[in-house]
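Below: the structure, in structure tokens.
Every read-out reported here was derived from the displayed coordinates using simple, explicitly stated rules and does not represent laboratory data. Quick caveat: nothing in here was measured; it's all calculated off a predicted structure. Cβ atoms come from the backbone with ideal geometry, glycine included; neighbour counts cover every protein chain shown.
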Amino acid sequence: MESHFVASAEAAVSLVPVTTESLPKILAGRPERWRNWVEQRGFKGRAGTLLRVPSPEGRTEGVLVGYDAAQPVWMLAQAAQRLEGGTYRLEAEMPDADSGLAAAVGWGLGCYRYERYRKAERESPRLVWPEGVDKRRVEALVAAHGLVRDLINTPPGDLMPKDLAGAVDEVAAEFGAKVVTLDESAAIADGYPCIHAVGAASVHPPRVIELSWGEPGHAHVVLVGKGVCFDSGGLNLKPGNGMRLMKKDMGGAAIALGLGRLIMELDLPLRLTVLLGAVENAVGSRSFRPGDVLTARNGKTVEIDNTDAEGRLLLADLLARAGEVEPDLVIDFATLTGAARVAVGTEIAAFFSTDRDLARELDGPAQVWDDPVWELPLHEGYGHMLKSDVADMVNASSGGFAGAITAALFLKQFAPEGVPWLHFDLMAWNNRNRPGRPKGGEAMGLRAVLGLLESRFAPGAAGANP
């Protein structure tokens with residue numbers, strides 16, 4: 001992956017981070033022409049603004065970058081998105097190495113471009129490595145986000161189950177992980193019957209992908225991801241505007257894989273399993289139907305109320321498999337319900353937890369990394385909405401209320417008992433451009449969960465939770 005950093009450069013342009021409060025003090029130590037230029041341009045140092053300051057010869061001598069002091073991770077991100085190609089140097093005394101690391105990560109995330117089908121119109125800028133920054137950690141975080149964003153941004157015609165399995169193979173080969181992929185219809189029907197049913201109508205056969213890595217003696221973390229490479233809604237067909245962004249319906253699988261890559265690259269003391277179900281929910285003569293009854297991997301029967309509630313069926317089989325590998329922690333990621341988006345909007349990752357300590361531990365890294373998450377309740381009282389007249393449960397409540405909660409309660413029937421479980425119901429997509437978070441696929445929750453894993457299993461990790 002292309003690096004957005006350089007070791008050194010003699011002619012690097014200075015980046016000077018400022019706030020509205022610090023601007024006067026910073027300008028007091030600069031030549032008078034800087035102060036005149038700032039005054040003439042009406043620059044106030046507000047977050048999200050920047051000002052190129054020319055030299056007497058007319059070249060860019062420095063760039064004043066306005067940022068929000070409460071969100072240091074995005075200090076340089078908007079500069080990375082807006083500046084022309086060239087080399088830049090951070091001209092600021094960071095309070096500590098962790099602050100420099102956060103700023104460098106933000107720069108890397110701001111430099112992201114999706115260029116598979118159209119090359120960028122300008123060259124990406126480069127940043128001289130800030131002093132004392134853990135370069136390996138920065139590059140690992142940036143690469144993980146890049147992987148997730150690339151996968152989600154790829155159109156479904158070029159990212160079907162076989163392609164997603166290929167992406168897992170590439171990551172596994174890089175870090176010496178083992179991958180077992182089921183691609184035979186009979187094997188999937190026998191071992192993962194819900195996944196088989198959801199993917200049966202597509203000409204692109206489903207895949208069940210299991211990546212494993214790490215030493216047996218370490219805590220075993222299982223990451224589970226929903227990989228619906230395109231979701232038409234099945235026979236409960238989505239309207240056109242609801243189908244437009246359904247290439248992102250494999251966002252949960254992308255985030256699980258990206259987090260797995262990050263765990264391996266940082267060599268965290270964990271035993272890791274990544275379980276992905278990859279399907280296309282298509283329409284055809286083999287589509288599963290409203291009223292059908294499926295028997296999941298763990299033997300529970302599910303009456304289909306809505307074929308557009310297919311993601312929880314994938315996760316049901318995968319969570320049952322997760323319980324079979326004796327995990328210490330299970331985390332699933334899924335673009336599961338519109339109800340979660342109604343509850344918290346598109347820029348916060350909703351989550352559910354069976355462990356109060358886990359939920360509390362997420363708060364710190366989520367705030368530090370500005371990777372917002374919000375817990376919703378696993379209210380057992382709503383379990384009656386999942387009752388079926390003919391099976392153990394229905395796959396979706398028809399009442400129209402508490403959709404994210406009832407989906408989580410459905411999944412809880414398949415999650416391993418007695419094992420801490422986190423379920424993320426997220427957007428995996430930026431609807432607008434923000435510093436470091438361009439419009440398109442997004443690794444929501446990745447930084448927060450990494451911080452959680454490090455605080456719980458690797459509290460001495462260098463640079464953890466800057």
Task: Net dipole in debye of the range 5-111 [+1 Lys, Arg Cβ; -1 Asp, Glu Cβ; about Cα centre; nearest 20] - done: 400 debye
TODO: Determine the shape class of the range 5-111: with a ≥ b ≥ c the square roots of the Cα gyration tensor eigenvalues, call it rounded for a/c under 1.5, and otherwise prolate if a/b is greater than b/c, oblate otherwise.
DONE: oblate
Task: Rounded to 10°, Cα long-axis angle of helix 403-412 versus longest principal axis of the chain - done: 60 degrees
- [ ] Once you have a ≥ b ≥ c as the square roots of the Cα gyration tensor eigenvalues for the chain, tell me rounded if a/c is under 1.5, and otherwise prolate or oblate according to whether a/b is larger than b/c.
- [x] prolate
- [ ] Kindly rank 280-286, 252-258 from highest to lowest mean number of other beta carbons found within 10 Å of each residue.
- [x] 252-258, 280-286
TODO: Enter the Cα centre distance for the pair the range 76-151 and the range 294-356, rounded to the nearest angstrom.
DONE: 33 Å
Task: Within-15-Å neighbourhood charge of Ser3 [Cβ basis; K, R +1; D, E -1] - done: 0
Task: Projected label distance in nm at Lys135 and Val180, using a 7 Å step from Cα toward the beta-carbon - done: 4.0 nm
TODO: Only bridges with both residues in the range 200-299 count here: give the DSSP antiparallel percent, nearest 5.
DONE: 35 percent
TODO: Name the residue farthest towards the positive end of the dipole of the range 372-466 from the options Ser455, Pro372, Thr406, assuming +1 on Cβ of Lys and Arg, -1 on Cβ of Asp and Glu, about the Cα centre.
DONE: Pro372
Task: Listed peptides 22-32, 414-424 by packing density, highest first (mean Cβ within 10 Å) - done: 414-424, 22-32
- [ ] Please say if the range 162-274 is rounded, prolate or oblate, where rounded means a/c under 1.5 for a ≥ b ≥ c the square roots of the C-alpha gyration tensor eigenvalues, and otherwise the choice is prolate for a/b larger than b/c and oblate otherwise?
- [x] prolate
Open item on the list: What distance in nm separates the two pseudo spin-label positions at Asn431 and Ala187, each 7 Å out from Cα along the beta-carbon direction?
Closed with: 4.2 nm
- [ ] Just the number, please: percent antiparallel of the DSSP beta bridges in the range 139-457, rounded to the nearest 5.
- [x] 45 percent
- [ ] Can you tell me the relative contact order of the range 5-111? Whole percent, Cα pairs under 8 Å, sequence separation 6 or more.
- [x] 31 percent
Task: Between the range 208-268 and the range 439-457, the Cα center-to-center distance that results, in Å - done: 14 Å
Open item on the list: Between 0 and 90 degrees, rounded to the nearest ten: what's the tilt of helix 356-368 against the longest Cα principal axis of the chain?
Closed with: 30 degrees
- [ ] Answer with one residue from Leu76, Leu101, Gly42: the one whose Cα lies farthest towards the positive end of the charge dipole of the range 5-111, charges on Cβ with Lys, Arg +1 and Asp, Glu -1.
- [x] Gly42
- [ ] Quick one: dipole size for the range 139-457, taken about the Cα centre, charges +1 on Lys/Arg Cβ and -1 on Asp/Glu Cβ, in debye to the nearest 20.
- [x] 840 debye
- [ ] For the range 5-111, give the share of DSSP beta bridges that are antiparallel, in percent and rounded to the nearest 5; count only bridges with both residues there.
- [x] 40 percent
Open item on the list: Can you give me the angle between helix 135-153 and the longest principal axis of the chain, using Cα atoms only, in degrees from 0 to 90, rounded to the nearest 10?
Closed with: 50 degrees
